[in-house]
């Protein structure tokens, strides 16, 4: 199914490119995908990130035309001066913002562009258009009402999507691991649950004497939640976990062809497996069926299906994640957002959504990056974990010194690390499989991120009157490298036992 969708997408992109290349006089010869990707790789190697605002119009138009010709346009009133937190404070219904929006729409439509009204944006000053050429692009880039113009979704994996397997993008491996052994990889705890081996180093069992995450709502942005895993369903409140809430929502838009929705609307079901394991690490119940227990086993949990897999390479996936962040931001009871997904190139649209949520007081964790076959060796901390508003998390081995696990990214943007790989036998932590009562095992920076979100929930539940920044300070002060931040591993490993005292 994934391969069929990719082939259809590539065919559609080829058709779009033919439609929009009106003539060699009107349109420049496009850079090839390989040429664009080399510029992306070079920027990542030299600067640690790739931002579309730094490239010329020719390269930017090539990326737009090679993907789907859909652009995200950030707008603003003329002479607007931004300030910290402004995205969460402005009133888009005000006359200045309405005028700016109307100006951008009029300018774009006059040049032959088309508004993507199937994906409306209600909370951010952003418009989505399908544009027809570089003249439209230049007109927008030079408008005093425009903050940025970017392809909604172009990432360097585009040229080799067909060669990527689902497992290389974090999917398809969330099945029971029958090789785990009692006393080595897990400990049996009351009433009848399995405590993962990596809960011992940060002092999670000791922290449970003071806190279980009760009263803290965690929002997990991922690939959804398996309908077959009863511990994220009818037995969510079982054993020592009781009186809490579970919501399953979906923000991933329906598939479209030429701007027209096709197929059935997306459901909250996790067909990938990644979101189920992340939700399990955060808040699986301390139950009675022998399954893996989550770190914050009494927290309230919202699982959001925002993407098909962990690599955000489709326009609708980026839109799904943006909508997930604004939804979480506008839920006052949500305190922590955890996202174990990302991309190589930056997105100002997603940056706006994250800053909107940050301005609403949310504590945001994101994965620093887990290498696919094609990213190993040249990528550092991926987007959006690279943003200052996000706490970037990566995984390390169980050695005394901080050593990244074999597929985990590191870099100066990393804020925290969590032990993810047993240095003796290479075993990963336990979590919930897609179905059944026997745990799966999963590693990388993804599960490190979910683990950090779970531990933050324990701390915030212990001290519920603290603000987001005070909780973050508590996490930093009780981490292994504090007060000297590591250049590759941030504040180091959290001692959640000490942080909850």
Determine whether region 312-334 contains at least one residue that is buried (at least 24 other Cβ atoms within 10 Å of the Cβ) and part of a strand (DSSP E or B). no
Scanning region 44-59 for residues that are in contact (Cβ under 8 Å) with a residue 12 or more places away in the chain and either in a loop (DSSP other than H, G, I, E, B) or surrounded by 13 or more Cβ atoms within 10 Å (Cβ to Cβ) (or both) gives 44, 48, 49, 50, 51, 52, 55, 57, 58, 59
Every residue from region 235-271 that is more than 22 Å from residue 117 (Cα to Cα), touching a strand residue (DSSP E or B) at 6+ places or on another chain (Cβ under 6 Å) and outside any strand (DSSP E or B): 236, 244, 245, 268, 270
Take residue 488 and decide whether it is in the same structural domain as residue 185 (by TED's automatic domain parsing), farther than 19 Å from residue 172 by Cα and in contact (Cβ under 8 Å) with a residue 24 or more places away in the chain. yes
Any idea which of 95, 153, 82, 110 is closer than 25 Å to residue 320 by Cα and either out of contact with any helix residue (DSSP H, G or I) (no Cβ under 8 Å at 6 or more places or on another chain) or touching a residue at least 40 places away in the same chain (Cβ under 8 Å) (or both)? 153
Which condition number in (1) modelled with pLDDT of 95 or more; (2) surrounded by fewer than 21 Cβ atoms within 10 Å (Cβ to Cβ) is the one that residue 350 fails? (2)
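This table checks each residue for (1) touching a helix residue (DSSP H, G or I) at 6+ places or on another chain (Cβ under 8 Å); (2) more than 30 Å from residue 322 (Cβ to Cβ); (3) not in a helix (DSSP H, G or I).
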| site | (1), (2), (3) |
| --- | --- |
| 180 | no, yes, yes |
| 184 | yes, yes, yes |
| 191 | no, yes, yes |
| 205 | yes, yes, no |
| 209 | no, yes, yes |
| 212 | yes, yes, yes |
| 219 | yes, no, yes |
| 222 | yes, no, yes |
| 226 | yes, no, yes |
Kindly provide the set of residues from region 166-193 that are surrounded by 21 or more Cβ atoms within 10 Å (Cβ to Cβ) and either over 21 Å from residue 340 (Cβ atoms) or free of Cβ contacts under 8 Å to residues at least 40 places away in the same chain (or both), ordered by number. 185, 186, 193
Any residue at all in region 440-461 that is more than 22 Å from the chain's Cα centre (by Cα) and not in a helix (DSSP H, G or I)? no
Yes/no for residue 62 being in contact with a helix residue (DSSP H, G or I) (Cβ under 8 Å, 6 or more places away or on another chain), farther than 23 Å from residue 386 by Cα and at pLDDT 85 or above: yes
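Regarding residue 356, is this residue buried (at least 24 other Cβ atoms within 10 Å of the Cβ) and outside any strand (DSSP E or B)? Step through it out loud before you land on a result.
Working: buried (at least 24 other Cβ atoms within 10 Å of the Cβ): yes; outside any strand (DSSP E or B): yes.
Yes.
What are the residues in region 24-43 that are outside any helix (DSSP H, G or I), modelled with pLDDT under 90 and touching a helix residue (DSSP H, G or I) at 6+ places or on another chain (Cβ under 8 Å), if any? Show your work before the answer.
First, the residues of region 24-43 that are outside any helix (DSSP H, G or I): 24-32.
If we keep only those that are modelled with pLDDT under 90 too, we end up with 24-28.
The answer is 26, 27, 28.
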Over region 272-294, the set of residues in contact with a helix residue (DSSP H, G or I) (Cβ under 9 Å, 6 or more places away or on another chain) and part of a helix (DSSP H, G or I) is 274, 276, 277, 278, 279, 280, 281, 282, 283
Answer yes or no as to whether residue 350 is free of Cβ contacts under 8 Å to residues at least 40 places away in the same chain, farther than 22 Å from residue 395 by Cα and in contact with a helix residue (DSSP H, G or I) (Cβ under 6 Å, 6 or more places away or on another chain). yes
Take the residues in region 462-479 that are touching a residue at least 40 places away in the same chain (Cβ under 8 Å) and in a loop (DSSP other than H, G, I, E, B); name whichever of them is nearest to residue 199 (Cα to Cα). 464
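The values are calculated or read from the model by the stated rules, or taken from the named source; none is laboratory data. Not measured: the values here are computed from a predicted model. Note that each Cβ is placed from the backbone with ideal geometry, even for glycine, and that neighbours are counted across all protein chains shown.
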